[in-house]
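A short worksheet on the structure shown next.
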Amino acid sequence: MPPTPIKILILTANPSNTDRLRLDQEVREIETELLLAKSRDDFELISKWAVRVDDLARALLDHNPQIIHFSGHGGGEDGLALEDDTGKLQLVKTEALTRLFKLARNTVKCVLLNACYSQVQATSIHQHIDCVIGMNEAIGDKAAIQFTSKFYQALAAGRSFQYAYDFACTILDLSGSTESSTPQLLNRNEADNPFAIAPVNPSTPDPQQMTPEPAPKNAPKQSQSFGNISIGGGGTNFAVTQSGGDVNLNQSSTQTTGSNADLQAALDAIAQLKQLISTSSDLNPIEKATVEVPAKMLEAELQKPQPDKSIVDQAIAALKKGLDGVITLAEPVAKVAALVAQAWVGLL
């Protein structure tokens, strides 16, 4: 039986009478880092938007997450900013949050408060939760998004909370940010695997060294859920849920790539397309971020020993849709699609 996925519960709030935050981009970056990770099936990402006080308590009861991530505004001693029934600001006091997390102390391993001046809440919550990250002052959108996405990138690579924190702060430094000292980690868990329940008994055979029994020919496909993306065996089934309605893109097919020369040509074309996207004056920053995600996914999938054709096809479709009408990028996108198709046809 596959292990139970580690649940990451992301709670966002941006009340209508507060400054706008780029919360959607933050969640998208985190989703991308987890999706591109080799251990993506080990994580389940759950996101809740426009969170009210009742939503916070209900989400903890419903999902029993191991990681709780809050993104929004913080008011220091005044508390964290959630929303009331009208969408306006409702501050939640530190004492009340601490009591709530005390109730969740047996399941929650880490709390990340991506909100300005949230170190006050982090320090209090740390009484009951081993690992808590808060901000000791205001933090800009760009640094906040970069820190959290790199934190989860390291975590999905099997690193500890301490390593993931240090890695994310280092990336901020490397990128020239002056805000790498704003996130503050309070940590009592130094384990390499913070999600381990108990050490392995030396007398017990290592499951990874045991030869698995062959699955029955007609065995049902297993699937894992990861946020709004369901990853099923024998292919990848995307079930993307958005506020405007549900979009299901289902296709199941795993193939083998074509010749090395064809594959390399496709990868070179993707790299060129990514460069053109980043320097294009025909796209605004949001549009660039939107099409950079499928470009990265396509590149990463093609570099795998056995790429999944459904992911490749969906990434190309997303690129075409995102760049529709951008005349300067029409030819590079068509070139990528043609070279990728040629790589697959080579072995058919």
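Throughout, read-outs are computed from the coordinates displayed, never taken from laboratory work. A quick note: this is a predicted structure, and the numbers were derived from the prediction, not measured. With ideal geometry, Cβ positions are generated from the backbone for all residues, glycine too; neighbour counts draw on all protein chains shown.
The figures follow:
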quantity: Charged-residue dipole, Cβ positions (Lys, Arg, Asp, Glu), region 36-114 about Cα centre, Debye nearest 20; calculated: 280 debye
quantity: Distant-in-sequence amide H partners of Phe43 (H built 1.01 Å from N, under 5 Å); calculated: Ile6
quantity: Region 64-158 shape via C-alpha gyration tensor axes, a/c threshold 1.5; calculated: oblate
quantity: Sites Lys102 and Ile286, calculated FRET efficiency, Cβ-Cβ separation with R0 56 Å, nearest 0.05; calculated: 0.90
quantity: Segment Ser175-Tyr163, extension gain: residue separation times 0.36 nm, minus the distance between their alpha carbons; calculated: 2.5 nm
quantity: Relative packing of peptides 126-134, 267-275, 10-18 - highest average C-beta neighbours within 10 Å first; calculated: 126-134, 10-18, 267-275
quantity: From phi via Karplus (6.51, -1.76, 1.60), per-residue ³J(HN,Hα) for region 111-116 in Hz, x at Gly/Pro; calculated: 10, 10, 9, 8, 8, 4
quantity: Shape call, region 1-60: gyration tensor on alpha carbons, a/c limit 1.5; calculated: oblate
quantity: Among Cys116, His126, Asn106 - extreme Cα towards positive end, dipole of region 82-137, charges at beta-carbon; calculated: Asn106
quantity: Pairwise label distance in nanometres, Thr18 with Ala330, each label 7 Å out on the Cα-Cβ vector; calculated: 4.4 nm
